[in-house]
Amino acid sequence: MSGRFSDAIINENRRGYIAVIPDIKCVSPKEGDLLQGRDPVQVAKFLVECGAPMLSVVTEGKHFGGNSKLLRDIVKSTDVPVLRKDFVTNEDMLAETAELGATAVLLICAITDEENLYALYEKSIKLGLEPFVEVCTAAEMAMAKKMGAKLIGINNRNIATLETDSGDTSRTIDLAAAAPHDALLVSESGILSTKDAEKAVRAGANAVLVGTALWQAHDMGKMYQALRVERMG
């Protein structure tokens, strides 16, 4: 494993680009089967070869078709930091995440109460995991700021409806100004084109997390490069 998840974002920004975080997920509740016969581990390796400095892996099984073995296999097959995406609500899942070799773990404000979120945040740090705090509202951004989150994702879609809505970067634009100045900001979901990535940059995002647009692209490598837009300053 090479470095911290946040360091991979910072290094891309220093090169003058927004960091593109490929999201390895097997199923989209909105779009259906994303693999179309492809091996997700081989796709992850290909994206790293294309220049992806980090990866996100969805392990939730019921709605997104993931599993813990997929995470372990990708961690073993690549040398970049990996974020585990799942509905993490207890410390046992954090311990499992660390055991599987992930570098960072998604903590979603919308699926748990504030007290538990704080506990999960502190526990993840103790386990050597970077907490990636996901927000969808101004109140959740305030909560993330209060707990001192350094890695914050703004989900442009509604996780309560399993991201089946047609979200776009407007939520990132609305919430980015309220983010802590010392936090790295990631625009998640609804990033479908170069223009979307550019909008995220203008809003202040350090990175974009992209799944469906990559999986549905005719040329995944070309799409990855198209999303890696300039981020100066």
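The values are calculated or read from the model by the stated rules, or taken from the named source; none is laboratory data. Given the structure is predicted, the values throughout are model-derived calculations rather than measurements. FYI the Cβ positions are ideal-geometry reconstructions off the backbone, even for glycines, and counts take in every protein chain you see. Only protein heavy atoms, including side chains, enter the accessible area calculation; ligands, DNA and RNA are left aside. Shrake-Rupley method; radii C 1.70, N 1.55, O 1.52, S 1.80 Å.
For the chain, what proportion of DSSP beta bridges, expressed in % and rounded to the nearest 5, is antiparallel?
Values: 3 of 31 bridges.
Counting only bridges with both partners in the chain, antiparallel ones make up about 10 percent.
In a simple Cβ point-charge model (Lys, Arg +1; Asp, Glu -1; nothing else charged), the chain has a dipole of about 560 debye relative to its Cα centre. When +1 charges are put on Lys and Arg Cβ atoms and -1 charges on Asp and Glu Cβ atoms, the dipole computed for the stretch 52-95 relative to its Cα centre reaches about 140 debye. Between the residues 93, 112, 172, the greatest Cα displacement towards the positive end of the dipole of the chain, with unit charges on the Cβ of Lys, Arg, Asp and Glu, is found for 172.
Charge tally around residue 181: other residues with Cβ under 15 Å, Lys/Arg +1 each, Asp/Glu -1 each, net +2.
On a per residue basis, the stretch 69-117 carries 40 Å² of accessible surface, using protein heavy atoms and a 1.4 Å probe.
By the Kirkwood approach, averaging reciprocal distances over each pair of separate Cα atoms, the stretch 83-185 gets a hydrodynamic radius of 13.8 Å.
Going by average Cβ neighbours within 10 Å, how do the peptides 39-45, 84-90, 111-117 rank, with the highest at the top? List each step's numbers first, then the result.
Values: 39-45: 16.7, 84-90: 20.7, 111-117: 14.1.
Ranking, from highest mean packing down: 84-90, 39-45, 111-117.
Quick one: net charge around residue 146, please, counting Lys, Arg +1 and Asp, Glu -1 for every other residue with C-beta under 12 Å from its C-beta. Neighbour charge sum, excluding residue 146 itself: -1. Rounded to the nearest 20, the Cβ-based charge dipole of the stretch 1-113 about its Cα centre (Lys and Arg +1, Asp and Glu -1) stands at 320 debye. Annotation: amide H of residue 105 within the under-5 Å range of 84, 130, 132, sequence separation 5 or more or interchain, hydrogens built in the peptide plane. Taking the stretch 103-136 and a reference point 7 angstrom along Cα→Cβ of residue 4, the backbone N atoms nearer than 20 Å belong to 103-108, 118-135.
Taking the average, over residues, of other Cβ atoms within 10 Å as the packing measure, peptides 188-197, 11-20 rank 188-197, 11-20 from highest down.
Structure note, pairs 126/146; 126/150; 45/145: Cα-Cα distances above 24 angstrom occur for 45/145.
Carbon and sulfur atoms: what percent of the 1.4 Å accessible area of the stretch 31-103 do they account for?
Details: 1470 of 3100 Å².
Carbon and sulfur: 47 percent of the exposed surface of the stretch 31-103.
How would you order 135-142, 204-211 from highest to lowest mean count of nearby Cβ atoms within 10 Å?
204-211, 135-142
For the stretch 166-233, the Stokes-Einstein estimate of translational diffusion at 25 °C and a viscosity of 0.890 mPa s comes to 201 µm²/s, using the Kirkwood hydrodynamic radius over alpha-carbon pairs.
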